[in-house]
Amino acid sequence: MDREAKNKILIFGGTGNLGTYMVKASIKLGHPTFVFARPLTPQSTINKINLHKEFQSSGVTIIQEHEKIVAILRQVDIVISVLPFPQVPDQIHIIEAIKVASNIKRFLPSEFGVEEDRLSFLPPFEACLVKKRKIRRAVEASGIPYTYVSANCFGAYFLNYLLRPHEQHEDVTIYGSGEAKAPFTYEEDIANYTIRVANDPRTCNKIVIYKMQKNILSQIELISLWEKKTGKYFKKVHVPEEELVKLTETLPFPDNVRASVLHGLFVKGDLVKYELGENDLEASSLYPDYKYTTVDQLLDVFLVDPPKPALATF
Ligand SMILES: CCOC(=O)[C@H]1C[C@@H]1c1ccc(O)c(OC)c1
């Protein structure tokens, strides 16, 4: 299909960590791509300024935030929100505007992490997931065609968090026994799958889980792979479950949230505890020809050029 026939995609949060991958994937797959972004100011970082320039030179249309959202929505077909947690409740305004515009073929709210309708976590993270569930219910009540994406653990994010390749260190922290498994999805694959999912009739009003068999590993397996590749062996420092639970109760915000994420993911192993339902779809099964990056391959990338570490906001 030529570029004109391709769905036009508007991305909220397109200048963020996952958002940048999403914009690049949308452009690479030939979609006219629009990014709803805060206007640059004299305080804007050089990275943000350069990102705007990079987007514009690759044909992205940057929509300044103050522009009329309904008028913008009437120019596009698909809306993808990659807004971070603090802005999750703001998506109610996107939903309202989509209802007024009434032309949007698919809306993907800002999900991409755990499958929050099937899992519960310790209170600090649970409170964050309540916000996401509210948006899901509002989307369903609105009648807007949607797709929810649960991409599980962001690969680069968690390899940085668990292995700390940017630091000189002799030890690694293991949460719990280290044996519980979790699915990892490299951010570039999250974006490449998501653009496909957003355009796929099979995924309308469905949940798509990103859970590739080769990328389901425990912390111990991850660290062992990294030790073999680096030739470095790390002292393992275990944080027992009861200590991590205590941290979720005593640490200040947002460290208490992070502790409760770690508890659910790596101590309880919750992300691999539910089976896909008959109504659920799995990305690598939907697009078997797409060659996703395995954790082993991502570690090879980390050996030579580890992506910059990031910390999610809540
Ligand atoms: C290790 C501490 O965890 C985090 O910083 C947050 C970014 C992690 C996160 C936030 C929301 C999620 O749904 C999710 O799914 C795996 C993961």
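Please determine whether any residue of the stretch 65-75 is in a helix (DSSP H, G or I) and either of a type in the set (D, E) or within 18 Å of the chain's Cα centre (by Cα) (or both).
First pass over the stretch 65-75, keeping only residues in a helix (DSSP H, G or I): 69-73.
Those left that are additionally either of a type in the set (D, E) or within 18 Å of the chain's Cα centre (by Cα) (or both): none.
Checking the stretch 65-75: not a single residue is in a helix (DSSP H, G or I) and either of a type in the set (D, E) or within 18 Å of the chain's Cα centre (by Cα) (or both).
Given the criterion at pLDDT 95 or above and more than 12 Å from the ligand (Cβ to nearest atom), identify the matching residue among S284, S260. Reasoning before the result, please.
Values: S260 fails: more than 12 Å from the ligand (Cβ to nearest atom).
Of the residues listed, the single one that is at pLDDT 95 or above and more than 12 Å from the ligand (Cβ to nearest atom) is S284.
So which residues in the stretch 258-283 are hydrophobic (A, V, I, L, M, F, W, C) and under 18 Å from the mean Cα position of the chain (by Cα), if there are any at all? Before you say what the answer is, go through the steps one by one.
First, the residues of the stretch 258-283 that are hydrophobic (A, V, I, L, M, F, W, C): 259, 261-262, 265-267, 271-272, 276, 281, 283.
Listed by number, the residues that qualify are V261, L262, L265, F266, L271, V272, L281, A283.
Here is a list: S57, S102, S110. Which entry is surrounded by 16 or more Cβ atoms within 10 Å (Cβ to Cβ) and of a type in the set (G, A, S)?
On the way: S57 fails: surrounded by 16 or more Cβ atoms within 10 Å (Cβ to Cβ); S102 fails: surrounded by 16 or more Cβ atoms within 10 Å (Cβ to Cβ).
From the options S57, S102, S110, the qualifying one is S110.
Between a residue in the stretch 95-117 that is closer than 18 Å to Y148 by Cβ and any residue that is buried (at least 19 other Cβ atoms within 10 Å of the Cβ) and acidic (D, E), which pairs come within a Cβ distance under 8 Å, given they are 6 or more apart or on different chains?
Filtered contacts from the stretch 95-117: V114/D270.
Tally the residues that are in a helix (DSSP H, G or I) and over 23 Å from A156 (Cα atoms), restricting the search to the stretch 199-243. It would help to see each step written out before you state the result.
Kept after step one, since they are in a helix (DSSP H, G or I), are these residues of the stretch 199-243: 201-203, 213-215, 219-230, 241-243.
Still in the list and also over 23 Å from A156 (Cα atoms): 201-203, 241-243.
Result for the stretch 199-243: 6.
Say we look at the stretch 222-237 and pick out the residues that are surrounded by 14 or more Cβ atoms within 10 Å (Cβ to Cβ) and touching a residue at least 40 places away in the same chain (Cβ under 8 Å); which of these is nearest to the chain's Cα centre (by Cα)?
L222
Looking for something under 30 Å from V79 (Cα atoms) and surrounded by 14 or more Cβ atoms within 10 Å (Cβ to Cβ) - is there at least one such residue anywhere in the stretch 299-307?
Here is the first cut: in the stretch 299-307, the ones under 30 Å from V79 (Cα atoms) are 307.
If we keep only those that are surrounded by 14 or more Cβ atoms within 10 Å (Cβ to Cβ) too, we end up with 307.
Yes: one or more hits.
I'm trying to understand the selection: among the residues of the stretch 99-121, which are of a type outside the set (A, V, I, L, M) and within 13 Å of the ligand (Cβ to nearest atom)? Steps first, please.
Filtering the stretch 99-121 down to residues of a type outside the set (A, V, I, L, M) leaves 99, 102-103, 105-107, 109-113, 115-118, 120-121.
Those that are of a type outside the set (A, V, I, L, M) and within 13 Å of the ligand (Cβ to nearest atom): P109, S110, E111, F112, G113, E115, E116, D117, R118, S120, F121.
In the stretch 16-40, how many are in a strand (DSSP E or B) and in contact with an Asp or Glu (Cβ under 8 Å, 6 or more places away or on another chain)? Give the steps one after another, and end with the answer.
Here is the first cut: in the stretch 16-40, the ones in a strand (DSSP E or B) are 33-37.
From the residues that got through so far, the ones that are in contact with an Asp or Glu (Cβ under 8 Å, 6 or more places away or on another chain) too are 36-37.
Result for the stretch 16-40: 2.
Quickly run through the stretch 146-164 and pick out the residues that are surrounded by fewer than 22 Cβ atoms within 10 Å (Cβ to Cβ), in a loop (DSSP other than H, G, I, E, B) and in contact with a Phe, Trp or Tyr (Cβ under 7 Å, 6 or more places away or on another chain).
Of everything in the stretch 146-164, nothing turns out to be surrounded by fewer than 22 Cβ atoms within 10 Å (Cβ to Cβ), in a loop (DSSP other than H, G, I, E, B) and in contact with a Phe, Trp or Tyr (Cβ under 7 Å, 6 or more places away or on another chain).
Please verify whether E96 is among the acidic types (D, E), away from the ligand (no atom under 16 Å from the Cβ) and assigned to a loop (DSSP other than H, G, I, E, B), treating the condition exactly as stated.
On the way: among the acidic types (D, E): yes; away from the ligand (no atom under 16 Å from the Cβ): yes; assigned to a loop (DSSP other than H, G, I, E, B): no.
Judged against the criteria, E96 is not a match.
When the stretch 122-154 is examined, which residues are found to be within 11 Å of the ligand (Cβ to nearest atom) and either among the hydroxyl-bearing types (S, T, Y) or under 15 Å from A182 (Cα atoms) (or both)?
Of everything in the stretch 122-154, those that are within 11 Å of the ligand (Cβ to nearest atom) and either among the hydroxyl-bearing types (S, T, Y) or under 15 Å from A182 (Cα atoms) (or both) turn out to be S150, A151, N152, C153, F154.
The values are calculated or read from the model by the stated rules, or taken from the named source; none is laboratory data. Please read all numbers here as calculations on a predicted model, not as lab measurements. Note: ideal-geometry Cβ built from the backbone for every residue, glycine included; neighbour counts use all protein chains shown.
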